[in-house]
Amino acid sequence: MRLAVLASGTGSLFEAMAKGGLPVAVLIADRHCRAIDEVAPMFGVPAELVERTSYGKKFDRKVYTEEVIAILKKYDVTLVAMAGFMTIFDPVIFEEYKNRILNTHPSLLPLFKGDHAVADALAAVATETGCTIHVATAELDAGPILAQEKVPVMPGDTIEALHERIKVVERVLYPKVILDYAARLGD
Ligand code: GRF
């Protein structure tokens with residue numbers, strides 16, 4: 001397996017993968033963030049910044065996605081793990097890397113899709129939520145589910161506290177699912 005990890009933020013899931021010895025060939029980020037600026041150097045993982053410089057109507061999603069695909073090819077990547085990557089790709093990447101892109105989402109899908117999954121679970125007064133590891137497809141937060149784990153919502157929870165409780169689970173579950181999935185693919 002030659003794994004690419006895609007991140008936009010803290011990169012604590014990427015850190016867990018690197019610590020766990022997953023063969024991360026490259027870390028790709030869409031902005032300067034802890035994942036690329038601190039975690040990748042800490043583990044000696046090659047890093048590529050595909051900086052997103054425009055938003056809204058000016059953003060050329062296809063061109064951006066093709067830049068990412070070019071990097072995946074440059075590193076001979078066989079499996080992609082999205083770990084808090086905040087840019088939505090053009091569908092072309094899901095054709096090029098069909099069934100080879102995984103994602104983790106901080107809810108029990110199909111509940112609470114989208115960017116505010118943790119806040120939405122709190123707003124819905126859910127008593128439990130969790131995380132879902134799934135195969136990523138052009139449709140957001142909707143591909144085949146590989147694993148889910150429940151996390152309780154505690155009285156007085158904040159978005160940060162609940163999200164951190166979910167991430168504690170993701171840091172263990174995601175690396176394990178990636179390894180199992182790669183083995184199934186024969187990687
Ligand atoms: C995770 O909760 C993941 O489900 C979501 O973004 C978070 C990434 O956390 N998509 P980190 O940046 O790795 O700490």
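The values are calculated or read from the model by the stated rules, or taken from the named source; none is laboratory data. Bear in mind that the values here come from a model prediction, so they are computed numbers and not experimental data. Glycine gets a Cβ as well: all are built from the backbone with ideal geometry, and neighbour counts include every protein chain shown.
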I'm told A18 meets every condition in (1) among the small types (G, A, S); (2) part of a loop (DSSP other than H, G, I, E, B); (3) within 14 Å of the ligand (Cβ to nearest atom) except one. Can you identify the failing condition by its number?
(2)
Can you work out which of the residues in segment 87-97 that are part of a loop (DSSP other than H, G, I, E, B) and touching a strand residue (DSSP E or B) at 6+ places or on another chain (Cβ under 9 Å) is surrounded by the most Cβ atoms within 10 Å (Cβ to Cβ)?
F89
Any chance you could count how many residues in segment 21-59 are more than 16 Å from the ligand (Cβ to nearest atom), part of a loop (DSSP other than H, G, I, E, B) and of a type in the set (A, V, I, L, M, F, W, C)?
2
Any chance E15 is more than 20 Å from Y174 (Cα to Cα) and either out of contact with any His (no Cβ under 8 Å at 6 or more places or on another chain) or among the acidic types (D, E) (or both)
no
Against the condition surrounded by fewer than 16 Cβ atoms within 10 Å (Cβ to Cβ), among the acidic types (D, E) and either on the phi < 0 side of the Ramachandran plot or at pLDDT below 95 (or both), how does E51 come out, does it pass?
yes
When (1) closer than 25 Å to E139 by Cα; (2) without any contact (Cβ under 8 Å) to a residue 12 or more places away in the chain are applied to E51, the one that fails is (2)
Mind checking whether some residue in segment 5-15 is among the hydrophobic types (A, V, I, L, M, F, W, C), surrounded by fewer than 21 Cβ atoms within 10 Å (Cβ to Cβ) and not in a helix (DSSP H, G or I)?
no
Check whether at least one residue in segment 60-81 is within 28 Å of L122 (Cα to Cα) and within 12 Å of the ligand (Cβ to nearest atom), and report yes or no.
yes
Taking segment 134-187 as the region of interest, how many residues are within 15 Å of the ligand (Cβ to nearest atom), of a type in the set (G, A, S) and in a helix (DSSP H, G or I)?
1
Residue among T65, T127 that is polar (S, T, N, Q), surrounded by 19 or more Cβ atoms within 10 Å (Cβ to Cβ) and at pLDDT 95 or above:
T65
Examine segment 27-41 for a residue that is under 21 Å from D141 (Cα atoms) and among the acidic types (D, E), and state whether such a residue exists.
yes
Are any residues in segment 105-130 at negative phi and in a strand (DSSP E or B), and if so, which ones?
H105, E128, T129
